[in-house]
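Taking it in order: structure first as structure tokens, then the write-up.
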Amino acid sequence: EQLRREFSANVSHELKTPLTSISGYAELIENGMASGDDTVRFAKEIHKSANRLLTLINDIIRLSQLDSTPETTFEKVDLYEVAQVTVDMLAMSAQQHRVSLQLEGRKCYVYGNKQMLEDLIYNLCDNAIRYNVENGLVCVTVGEVDDNVFLAVRDTGIGISKENQERVFERFYRVDKSRSKQTGGTGLGLAIARNAILLHRGSIKIDSEEGQGTVFTVKIPIIYVSK
């Protein structure tokens, strides 16, 4: 109940910020206090805040869907293929952040939900790109170890301190608030990833040092049939 209250308070705060920005700039335009270059600049800020609202709302809806744990369809899924689709999807973002994005490994099958697995990989890779350094690298690897399929996302980014590693999966928690604001991060990506992992009876491990990059390693049982 405490977590739910905190989540509600955080959602209200996160939604209020871009809405306040949209309202303020729109009021200036409405009152004729902007002209020429100012109008273009204000419209750009309104567009930016509106996109942030849409991203926040989409992430909140996705989390709510995962929390409600409805009956989910599981099937045989090639995790490497899902990773390939996701890496292709994020290629433009990586290019904009001047980060190299690559995929290694081979076909590995699990019983899972394709959309959730895509969400999982997308959010891990998206974070690795956002919190990287210029000319950095994000390497995604898919393989098998023991009785598990593993997915490793390694980056050469800013790293995560030991104290922050315990909290990165909390909703709206950000390691670097200023960078998250600049890159448009919502602070919900890793919470979505964790929920998807739990629903697949998997686990996730963080290996990181500040300034030395981060490796997120996910393990999902090779044979898992939902009841």
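Considering only residues that are under 19 Å from the mean Cα position of the chain (by Cα) and not in a helix (DSSP H, G or I), look in region 73-99 and name the one that is nearest to I220 (Cα to Cα). Filtering first and then ranking leaves L90. Would you confirm whether any residue within region 6-21 is closer than 23 Å to I61 by Cβ, open to solvent by less than 60 Å² (accessible area, probe 1.4 Å) and either of a type in the set (D, E) or modelled with pLDDT of 85 or more (or both)? Yes: one or more hits. Residues in region 100-155 that are within 15 Å of the chain's Cα centre (by Cα) and in a loop (DSSP other than H, G, I, E, B): Y131, N132. Only residues that are open to solvent by less than 30 Å² (accessible area, probe 1.4 Å), modelled with pLDDT of 65 or more, not aliphatic (A, V, I, L, M) and not in a loop (DSSP other than H, G, I, E, B) were counted across region 167-216, and they come to 6.
The values are calculated or read from the model by the stated rules, or taken from the named source; none is laboratory data. Note that the structure is a prediction, hence the values are computed from the model and not measured. Positions of Cβ are backbone-derived with ideal geometry, glycine not excepted, and every protein chain shown enters the neighbour counts. These area figures cover heavy atoms from the full protein model, side chains too; ligands, DNA and RNA do not enter into them. Shrake-Rupley method; radii C 1.70, N 1.55, O 1.52, S 1.80 Å.
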